[in-house]
Amino acid sequence: MRIIFHIDANSAYLSWTAADMLEKGHPIDIREIPSVISGNPLNRHGIILAKSIPAKKYGITTGQSLFEAKQKCPNLAVYSPNYDLYMLCSDAMYSILLEYSPLVERYSIDECFLDYTESQGRFGDPVKVAYEIKERIKNELGFTVNIGVSCNKILAKMAGELKKPDLVHTLWPEEIEKKMWPLPVRELFMCGRATSQKLQKININTIGDLARADKNHMKALLKSQGILVWKLANGIDDSEVTLNSEIIQKGVGNSTTISYDVTEREEALKILLALTERVGMRLRRLGYMASLVSVSIKTDGFIRYSHQLKLSHCINTTTEIFEYVSLLFDQSWRGEPIRHLGVHVSGFQSDDLRQLSLFDKKDVDKLRALDSTVDKIREKYGMRAIIRGSFTNGNINAVQGGTNDSDFIMMGGYQ
């Protein structure tokens, strides 16, 4: 029998921010007060991304507007997201998991699947080891996780959701009827709002109701989705834990909503360069080169349009990407005030497979060497440890799409 762990950071964004603040000497653990992670409403980002347990007691929910949340809790503490910090925390958790199995799938930034099947002979009882991992993450990294243990991915994930935070749960096949079937059908993984509403209309209200339903009836009602959720309700899942090195990412993008309407070309291009800085770093970190570049624009009237260019060669230096970004912007912008800009690259091939092209810039090797040096400096000393001269003495952030300076010591930053 396979043994699969599902590891999920509790209230990840808020927990990671709290751990960072405590390490830096903040006197309050924001997980213990009504608090949220939210974009700045002054910058038109006022949506709740994560909430503390005390905030949840006020009825505050993820995805709710900050305005609504403050109506429910006027003293709500609000903190900005810190995406680079979150990646560092995710990487640190992933590194610990790799000590227990080489088969770890990063399902999202805050959750992983781990195949423990072959590791049991070395480390022993899976539940005991799950508790060990949970405590190590709490003590070494400063945040808590839930770990679900079962024989496949769906049951492991459902186990981890049974009760939070900071707990280990099992959901073996013989425990499904008691632990999972009484839950509301909307809590089944892959059973979204629309699907659960259709099921409730025919009096399927719990996961058990769905599991006991006729499979062909589910197929007639929901087509292929009906078969999928019926199988999941019965704990049927043969999917493998897939190494992330085997997952081909389809694209890398970065965007920002601007706190004011941009009307000048040069200012828009500087913002696009700041976005491209992070896109280039992410692309190189993944070991990819891109052959498709696109730019998106949203106007003050909320009209959105984009323009893309397919290249006959692949690139991954920030300078080259930005040249095409500038070209696409000039081709697509019609002069309207801009409230949102985005940069996206795709059409990947491995950097290891790079071939010389007639379209390569003569100084491409110098650009690649320069980017490599800049990336290393930023990874060690922070994203803004080194910036382009065009951003000095200006009001535009030199690297946009995140706010961390990679200085979270516990998560591999610098002191």
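Looking only at the stretch 259-307, filter to residues that are aliphatic (A, V, I, L, M) and out of contact with any helix residue (DSSP H, G or I) (no Cβ under 7 Å at 6 or more places or on another chain); which one of those is farthest from GLY389 (Cα to Cα)?
Out of the qualifying residues, it is ILE303.
Within the set of pairs 6 or more residues apart or between chains, which connect a residue that is on the phi < 0 side of the Ramachandran plot inside the stretch 255-282 to a residue that is acidic (Asp, Glu) and at pLDDT below 90 with Cβ atoms less than 7 Å apart?
ASP261/ASP300; GLY280/ASP371; MET281/ASP375
Does the stretch 19-38 hold any residues that are in a helix (DSSP H, G or I) and crowded, with 21+ Cβ neighbours inside 10 Å, and which are they?
Those that are in a helix (DSSP H, G or I) and crowded, with 21+ Cβ neighbours inside 10 Å: ALA19, ASP20, ILE30, ARG31.
CYS112 - would you say it is in a strand (DSSP E or B), touching a strand residue (DSSP E or B) at 6+ places or on another chain (Cβ under 8 Å) and buried (at least 21 other Cβ atoms within 10 Å of the Cβ)?
The answer is yes for CYS112.
Could you identify the single residue in ARG278, ARG304, ARG284 that is of a type outside the set (Ser, Thr, Tyr) and touching an Asp or Glu at 6+ places or on another chain (Cβ under 7 Å)? Walk me through how you get there before you give the answer.
Numbers: ARG278 fails: touching an Asp or Glu at 6+ places or on another chain (Cβ under 7 Å); ARG304 fails: touching an Asp or Glu at 6+ places or on another chain (Cβ under 7 Å).
Among ARG278, ARG304, ARG284, only ARG284 is of a type outside the set (Ser, Thr, Tyr) and touching an Asp or Glu at 6+ places or on another chain (Cβ under 7 Å).
How about the stretch 57-86: which of its residues are in a helix (DSSP H, G or I) and either free of Cβ contacts under 8 Å to residues at least 40 places away in the same chain or touching a strand residue (DSSP E or B) at 6+ places or on another chain (Cβ under 7 Å) (or both)?
LEU66, PHE67, GLU68, ALA69, LYS70, GLN71, LYS72
Give me the residue from the stretch 154-169 that is in contact with a Gly (Cβ under 6 Å, 6 or more places away or on another chain) and among the hydrophobic types (A, V, I, L, M, F, W, C) and, out of that set, surrounded by the most Cβ atoms within 10 Å (Cβ to Cβ).
So, considering only residues that are in contact with a Gly (Cβ under 6 Å, 6 or more places away or on another chain) and among the hydrophobic types (A, V, I, L, M, F, W, C), the one surrounded by the most Cβ atoms within 10 Å (Cβ to Cβ) is ALA156.
In the stretch 94-109, what count of residues is obtained for those that are part of a loop (DSSP other than H, G, I, E, B) and closer than 12 Å to ALA9 by Cβ? Explain how you work it out, then say what you get.
As a first pass, look at the stretch 94-109 and keep what is part of a loop (DSSP other than H, G, I, E, B): 99-103, 109.
Those still in the list that are closer than 12 Å to ALA9 by Cβ too: 109.
Final tally of qualifying residues: 1.
Every residue in the stretch 204-259 that is of a type in the set (Val, Ile, Thr) and under 30 Å from TYR94 (Cα atoms), please.
Those that are of a type in the set (Val, Ile, Thr) and under 30 Å from TYR94 (Cα atoms): VAL229, ILE236, VAL241, THR242, ILE247, ILE248, VAL252, THR256.
Can you find, within the stretch 59-89, the residue that is surrounded by the fewest Cβ atoms within 10 Å (Cβ to Cβ) among those that are farther than 22 Å from THR256 by Cα and touching a helix residue (DSSP H, G or I) at 6+ places or on another chain (Cβ under 8 Å)?
Applying the filter and picking the extreme gives GLY59.
Restricting attention to the stretch 351-363, does a residue exist that is under 31 Å from the mean Cα position of the chain (by Cα), modelled with pLDDT of 85 or more and closer than 16 Å to SER291 by Cβ? Give the derivation first.
Narrowing the stretch 351-363 to residues under 31 Å from the mean Cα position of the chain (by Cα): 351-354.
If we keep only those that are modelled with pLDDT of 85 or more too, we end up with none.
The answer is no, given that none of the residues of the stretch 351-363 is under 31 Å from the mean Cα position of the chain (by Cα), modelled with pLDDT of 85 or more and closer than 16 Å to SER291 by Cβ.
So ILE154 clears everything in (1) in contact with a helix residue (DSSP H, G or I) (Cβ under 8 Å, 6 or more places away or on another chain); (2) modelled with pLDDT under 95 except one condition, right? Which one?
(2)
Of the residues TYR288, TYR305, which single one is in the same structural domain as ARG334 (by TED's automatic domain parsing), modelled with pLDDT under 90 and either closer than 24 Å to VAL374 by Cα or charged (D, E, K, R) (or both)?
The match here is TYR288.
So that you can scan it fast, the table gives a plain yes or no per residue for (1) touching a strand residue (DSSP E or B) at 6+ places or on another chain (Cβ under 8 Å); (2) polar (S, T, N, Q); (3) exposed (fewer than 14 other Cβ atoms within 10 Å of the Cβ):
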{"site": "TRP172", "(1), (2), (3)": "yes, no, no"}
{"site": "PRO184", "(1), (2), (3)": "yes, no, yes"}
{"site": "LYS223", "(1), (2), (3)": "no, no, yes"}
{"site": "LEU243", "(1), (2), (3)": "yes, no, yes"}
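Among the residues of the stretch 266-274, are any in a strand (DSSP E or B) and under 18 Å from ARG368 (Cα atoms)?
Residues of the stretch 266-274 in a strand (DSSP E or B): none.
The answer is no; no qualifying residue exists.
Hey, can you tell me all the residues within the stretch 188-219 that are among the hydrophobic types (A, V, I, L, M, F, W, C) and surrounded by 19 or more Cβ atoms within 10 Å (Cβ to Cβ)?
LEU188, CYS191, LEU199, ILE204, ILE207, LEU210, ALA211, ALA213, MET218
For ALA290, work out the one condition from (1) farther than 25 Å from VAL364 by Cβ; (2) surrounded by 20 or more Cβ atoms within 10 Å (Cβ to Cβ); (3) free of Cβ contacts under 8 Å to residues at least 60 places away in the same chain; (4) of a type in the set (A, V, I, L, M) it doesn't fulfil.
Of everything listed in (1) farther than 25 Å from VAL364 by Cβ; (2) surrounded by 20 or more Cβ atoms within 10 Å (Cβ to Cβ); (3) free of Cβ contacts under 8 Å to residues at least 60 places away in the same chain; (4) of a type in the set (A, V, I, L, M), ALA290 misses just condition (1).
The values are calculated or read from the model by the stated rules, or taken from the named source; none is laboratory data. Only a predicted model underlies this, so the values are computations on that prediction, with no experimental measurement involved. Cβ: placed from backbone, ideal geometry, glycine included. Neighbour counts: every protein chain shown.
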